[in-house]
Amino acid sequence: MHVDDIFRAIGRFSVKFRWVVLVAWIVAAAVIPKALPSLASVTQGNNSAFLPASAPSEHATTLAAPLGISLSITPVPVAAAVSTGSFSAADQAWLAALTTDLGKVATVTRARELGESAVPGPNGVAGQAAQIQVLSNVSQNNQGAVTDLVKNLRSTITAARPPAGLQVHLAGALAINVDQQKQSGNTGNEVQGAAFIFILILLFLIFRSVLAPFITVIPALLSVTIAGPIIGELGNHGLKVSSLSQLLLIVLVLGAGTDYGLFLVFRVRENLRNGQVNHDAVVNALTKVGESITFSALTVIAALLSLLAATFQIYSQLGIPLAIGIAVMLLAGLTLLPALLAIFGRAAFWPSKPKAGSSSTGLWGKIASRVLRRPAVALVLGLVVFGALSVAVTAYKSAGFGGTISAPAGTDSAAGTNLLNKYFPATAANPTNLVYKLSTPAWDDASAIAAATKQLQASKLFTGVTGPLTPIGSNGFTAAEYTELHALLGNGTLAPTAPAEPAAATAAKITAAQWAGAYQLYRATQQFVSADGKTIQFEASLKAGDPSTTAALNAVPAIRAESQSVVSTLRATDYGVTGEAPALYDISSISNSDLAHVIPIAIIVIGVLLALVLRSLVAPLYLIASVAISYFAALGFAVLIFIEIGGSGGITFILPFLLFIFLLALGEDYNILVMTRIREEAHHLPLREAVTRAVGVTGTTVTSAGLVLAGTFAVFAVIGGRGSGGSQIVDVGAGLAIGVLMDTFVVRTVLVPCTVVLLGKWNWWPSKLAIDDTGADEVSVTADALGLAAPDEPGSPTDTESRRNS
C-alpha cells in the first residue's frame, strides 16, 4: 500500500461520514473542558520551580531547609499594618489569634510572627506594621493545591475580621504566582481572541470569501479548546506547565493549525478549478497533501519532544504540552477539516467562484520564473544578505527571564508586597539569601556572625543586609546581647507578647519598654537562625537592582564569590546563595548548555523525517542548513532591533533556544509542502519548469501560512507582553515573528528553489526521478524496493474511484 492510499482512505472516510465527524468534534469540544481542569489552573509563573536539583541555587535551597526554606516547605509572608499609630495590645492579640488560625489551614505546617517593623510610619511612630510567616508543605507541582492554599489563607484572614484600621495581605512568590495564574488565564483568553480575529481578517483577505476563513480556522480553535484541558489534567498529575507554555500553545496551535488548514483548502480550491467535483476535490486534495500535513506536524512534534533531553524543565516540559496540541490539531486537520469542506463544497469559497480552468500560477509563478533564470546569482545574493545579518549575533547579550515577583497590579499580593517594601527592609520583599552551615551554634560564636555581618554590609554588591544580629535592619544586637538574650529566652517558639522582665533585666535597669522592644527583636531572629543554631542566613538587597533584572543576573558570580569569602569568617562548613537572581543565572547557564545538546537531537530526528517524506538523503542536508542560515539571520536581526536600536540591555535567553526549535520545525513544514509539490510536478515536467510550477501554486499557500503564523506570534508579543514578565514575552513573540517572516519570504520561496535547480537530479539521490515524453513516472528500483515510489495521480487509469457530486 502506498502512502497516498492511506490518506485517500482517510479522506473517503471523512467525506462519507462528514456529519458524524463534525458532531464528534463538537461533542468533544463541549464535554472535555467541563470534565477536565483548565490549563490556566495549573500554570506556574515561578521559573525557578523548573530548575534541576543539581543547580547551585537549588543546593542552597536544600541547605536552608532547617530555616524553612526548602523544596518541600514553602513560606508565605503575611503583612499587616495599621493606618495610624502603632499596634495596640488588642491588635497584637488579634494578630496572635490570626497566626493560630492560619496555622490550622490545610497543608500549613507552621505559622509564626516575625516581629514588628522598626521603620517609622507617616506619623513618625515605629511598630506600625508586622509580619507573619506561614510555612506550608503544599506540593508546588499541584497548582490546584497551591491555589486552594492561597484561597484558604485569604478566607481565614477575612473570616477573622481585622479590627478597624488594620489591613492584612498575603505577599511572596506563592501568592503572586496564584495572582499571576489568574491574570495568565485572562491573558491567554485575550491572546486566543486577538489571534482568532487576526487570522480571520487575514484569511478574508486571502480567500475573498465568507465561509473559507471560518472553515480553515475552526479546527484549530477546537483543537486549542480540547488540548488545553488534556494538558491541565496532566498538570494535576505532576507535569509542570509554565505560563509561557499556555500562551505558546494557543499561538502555536492556532498558527500552525491554520497553516495546515491552508495546505488543504488551497489544494481543494485548485482541484475545483481543475474541474473536479466537490467530494472528489476534497478526497484527492487530502490524498496529495495529507502526507505533507502529517509529516509537517510530525516534524513539529519531533522537534518539541526533543526538548525532553533538556536539563532545564521549562524546556523539557514545554515540549509535551505543545506536542499534545499539535497532535490534536493533526487529527482535526485530517478529519474535521475535510468533513467541513465536503459539507460546504463550492459554497465554502463564495462569493468567489473557483471555476474549472481558472487555475494559474499567479504572482509567485512569475517571481519564480525570473529568479530561476539565474539561480546561482539569487542564491549567492540571499546568502550574502543573511550572512551580513548573522554577523550581528556577535553582539547578542543574554537577559533575564523573570516572573517571580511581579505582582499583578490591584491584587492582594501587590498590596502585601507594597507593605513589605514600605515598612520592612528592602531584603524583605524579594531577598537574595546567603545561607551558611556552621560547625557550632550561632549563639556560641556570635562574634563571628557580627564580623561576617560587617563584612557583608561593607560589600559594594549589597545595599542592605539583614541577618541574625540585624533581623529588621540596621538597629540590632551586639554579639554579647544576642548571646545573653538566647540564654534568657532560648530558641523555642516565643509568645507574641513579652513575658515579665527577668531579674537580670531588672538588675540592669532596663525599662519595660526596652525589654518589650528587645524581646520583639529577638523573636524576629528566628527566621535567620535554625532551631539548632547551626544553619543561618543573611538576606541581601542587591545594588545591581531588582533580582529579576539582567544586571542582577550578571552580578550572581560576584555575589557567590563574596558569599564564599565569608565562609572562613563564620568557620562554616558549607554555603550557598539562593533567591531569584541566582535561580535566573542557573537557568541561563543551563539554557546555554541545553542549546548545545538538544539541537543536534532535533536535527537528526527531523532529518530522518525529511529523508522519508522526500525519498532523498541529499535534500534534508540543505533544507536543514537553510534553517541554520535563517536562524542566525533572524537572531542577528533581533539583536539589531532590540539591543543596537532599541537600547535593551539584552534579549531573554530563552529566545535563541525557542527560535531555533520553532524555525527548524515550522520552517520544515513549508519545506515539505514546497518540496513534495516540486517532486510531484517533476514527474511530468523538466525540473526548472517543475520548480516554477510548484512555487507558483504553493507560493500563496506558504506566504499566507507564514503571515498567519508570524501574525499570531506578533499578537502573542503585544497581548502577552502586557502581563507580568512582559519584556521576555515581547522578545520571544517578536523574535519568532521576525524569524518566520524571513524564513517564509526569502528562504522557502527563493533560496530553496534555487538550490533545487542547481543540484538537479542529485536532489533525489539515492532515488532517481526520470521524465519521459508521456509524463509517466520512472522511479529507481531502490525506491520501489523501499515502497517509497510515488503513487498514481488521482484521475489516472489506476485511480478507479467513483465520482459523486452529492
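The values are calculated or read from the model by the stated rules, or taken from the named source; none is laboratory data. Keep in mind that what you see is a predicted model, and the values were worked out from it rather than measured. Neighbour counts are summed over all protein chains in view; Cβ atoms, including those assigned to glycine, are modelled from backbone coordinates with ideal geometry. Quick note on the areas: whole protein, heavy atoms, side chains included, nothing else; ligands and nucleic acids left out. Shrake-Rupley method; radii C 1.70, N 1.55, O 1.52, S 1.80 Å.
Pairs linking a residue in the stretch 661-681 that is surrounded by fewer than 24 Cβ atoms within 10 Å (Cβ to Cβ) to a residue that is acidic (Asp, Glu), with Cβ atoms under 9 Å and 6 or more positions apart or on different chains, are Thr676/Glu291; Glu680/Glu793; Glu681/Glu689.
Given the criteria hydroxyl-bearing (Ser, Thr, Tyr), at pLDDT 85 or above, in a helix (DSSP H, G or I) and crowded, with 20+ Cβ neighbours inside 10 Å, does Ser245 qualify? When the stated conditions are applied, Ser245 does not pass them.
Per the conditions (1) buried (at least 21 other Cβ atoms within 10 Å of the Cβ); (2) under 28 Å from Ala694 (Cβ atoms); (3) of a type in the set (S, T, N, Q), the sole criterion not satisfied by Gln317 is (2).
Summed over the stretch 30-52, residues that are at pLDDT below 80, among the aliphatic types (A, V, I, L, M) and not in a helix (DSSP H, G or I) total 1. One residue stands out in the stretch 157-195 among those that are at pLDDT 90 or above, part of a helix (DSSP H, G or I) and among the β-branched types (Val, Ile, Thr): the one that is most open to solvent (accessible area, probe 1.4 Å), namely Thr158.
What are the pairs with Cβ atoms under 7 angstrom where one residue, in the stretch 235-254, is touching a residue at least 60 places away in the same chain (Cβ under 8 Å) and the other, located anywhere, is of a type in the set (Phe, Trp, Tyr)? Sequence gap at least six, or different chains. Filtered contacts from the stretch 235-254: Lys240/Phe50; Ser242/Phe50; Leu247/Phe716; Val251/Phe713; Val251/Phe716; Leu254/Phe196. Residues that are at pLDDT below 80 and open to solvent by 40 Å² or more (accessible area, probe 1.4 Å) were ranked within the stretch 56-72; the one that is nearest to Asn433 (Cα to Cα) is Leu71. Residues in the stretch 264-308 that are within 30 Å of Ile603 (Cα to Cα) and among the acidic types (Asp, Glu): Glu291 only. Across the stretch 118-156, the number of residues qualifying as in a loop (DSSP other than H, G, I, E, B) and either at pLDDT 75 or above or not polar (S, T, N, Q) (or both) comes to 12. Looking at the stretch 214-221, can you tell me whether even one residue there is assigned to a helix (DSSP H, G or I) and without any contact (Cβ under 8 Å) to a residue 40 or more places away in the chain? Within the stretch 214-221, one or more residues are assigned to a helix (DSSP H, G or I) and without any contact (Cβ under 8 Å) to a residue 40 or more places away in the chain. A Cβ distance below 6 Å, combined with a sequence gap of six or more or placement on separate chains, defines the contacts here; from the stretch 476-491, residues that are under 12 Å from Tyr519 (Cα atoms) reach residues that are part of a loop (DSSP other than H, G, I, E, B) and of a type in the set (A, V, I, L, M) in the pairs Gly476/Leu469; Phe477/Leu469; Tyr482/Leu469. All conditions in (1) open to solvent by 10 Å² or more (accessible area, probe 1.4 Å); (2) part of a helix (DSSP H, G or I); (3) at pLDDT below 85 hold for Leu305, with the sole exception of (3).
Look at Ala583 and say whether it is within 29 Å of Ala544 (Cα to Cα), part of a helix (DSSP H, G or I) and modelled with pLDDT under 85. Yes; evaluated as a whole, the condition is true for this residue. For the stretch 384-395, the count of residues that are out of contact with any Gly (no Cβ under 6 Å at 6 or more places or on another chain), at pLDDT below 90 and open to solvent by 20 Å² or more (accessible area, probe 1.4 Å) is at least one.
Of the residues making up the stretch 372-383, those that are among the hydrophobic types (A, V, I, L, M, F, W, C) and open to solvent by 40 Å² or more (accessible area, probe 1.4 Å) are Ala376, Val377, Val380, Leu381, Leu383.
Conditions (1) under 29 Å from Phe87 (Cβ atoms); (2) under 39 Å from the mean Cα position of the chain (by Cα), marked per residue:
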{"position": "Ala513", "(1), (2)": "yes, no"}
{"position": "Gln526", "(1), (2)": "yes, yes"}
{"position": "Thr535", "(1), (2)": "no, yes"}
{"position": "Ala544", "(1), (2)": "no, yes"}
{"position": "Pro547", "(1), (2)": "no, yes"}
{"position": "Thr550", "(1), (2)": "no, yes"}
{"position": "Ala555", "(1), (2)": "no, yes"}
{"position": "Ile559", "(1), (2)": "no, yes"}
{"position": "Thr569", "(1), (2)": "no, no"}
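Summed over the stretch 549-573, residues that are under 18 Å from Pro468 (Cα atoms) and of a type in the set (Lys, Arg) total 1. Residues in the stretch 279-306 that are in contact with a Lys or Arg (Cβ under 6 Å, 6 or more places away or on another chain) and farther than 24 Å from Val15 by Cβ: 0 in all.
Residues are listed down the side, and each one gets a yes or a no for (1) modelled with pLDDT of 90 or more; (2) part of a helix (DSSP H, G or I); (3) small (Gly, Ala, Ser); (4) on the phi > 0 side of the Ramachandran plot:
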| residue | (1), (2), (3), (4) |
| --- | --- |
| Gln455 | yes, yes, no, no |
| Gly464 | no, no, yes, no |
| Pro471 | no, no, no, no |
| Ser474 | no, no, yes, no |
| His486 | no, yes, no, no |
| Pro499 | no, no, no, no |
| Lys509 | no, no, no, yes |
| Ala516 | no, yes, yes, no |
| Gly545 | no, no, yes, yes |
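Residue count for the stretch 80-91 satisfying the condition of being surrounded by fewer than 18 Cβ atoms within 10 Å (Cβ to Cβ) and either at positive phi or not hydrophobic (A, V, I, L, M, F, W, C) (or both): 4. The single residue among Val282, Val268 that is modelled with pLDDT of 85 or more, in a helix (DSSP H, G or I) and either within 25 Å of Phe198 (Cβ to Cβ) or under 17 Å from the mean Cα position of the chain (by Cα) (or both) turns out to be Val268.
Quick one: would you say Thr578 is at pLDDT below 90, surrounded by 21 or more Cβ atoms within 10 Å (Cβ to Cβ) and out of contact with any Pro (no Cβ under 6 Å at 6 or more places or on another chain)? Yes; evaluated as a whole, the condition is true for this residue.
One line per residue, one yes/no per condition, for (1) closer than 20 Å to Thr463 by Cα; (2) open to solvent by less than 10 Å² (accessible area, probe 1.4 Å):
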site: Ala531; (1), (2): no, no
site: Ala551; (1), (2): yes, no
site: Pro557; (1), (2): yes, no
site: Glu562; (1), (2): yes, no
site: Thr573; (1), (2): no, no
site: Asn592; (1), (2): no, no
site: Val605; (1), (2): no, no
site: Leu623; (1), (2): no, yes
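Taken as a whole, the condition of being at pLDDT 85 or above and buried (at least 24 other Cβ atoms within 10 Å of the Cβ) does not apply to Leu211.
With the condition kept exactly as written, say whether any residue in the stretch 612-626 is in a helix (DSSP H, G or I) and at pLDDT below 85. Yes, because at least one residue in the stretch 612-626 is in a helix (DSSP H, G or I) and at pLDDT below 85. Which members of the stretch 279-296 meet the condition of being within 13 Å of Glu668 (Cα to Cα), touching a Gly at 6+ places or on another chain (Cβ under 9 Å) and surrounded by 24 or more Cβ atoms within 10 Å (Cβ to Cβ)? If the condition is that a residue be within 13 Å of Glu668 (Cα to Cα), touching a Gly at 6+ places or on another chain (Cβ under 9 Å) and surrounded by 24 or more Cβ atoms within 10 Å (Cβ to Cβ), then Ile293 is the only one that fits.
Looking at the stretch 627-654, which of the residues that are in a loop (DSSP other than H, G, I, E, B) and either hydroxyl-bearing (Ser, Thr, Tyr) or open to solvent by 40 Å² or more (accessible area, probe 1.4 Å) (or both) is modelled with the lowest pLDDT? Checking each candidate, the answer is Gly649.
Within the stretch 96-112, the residues that satisfy the criterion of being open to solvent by 20 Å² or more (accessible area, probe 1.4 Å), within 19 Å of Gln527 (Cα to Cα) and assigned to a helix (DSSP H, G or I) are Ala96, Thr100.
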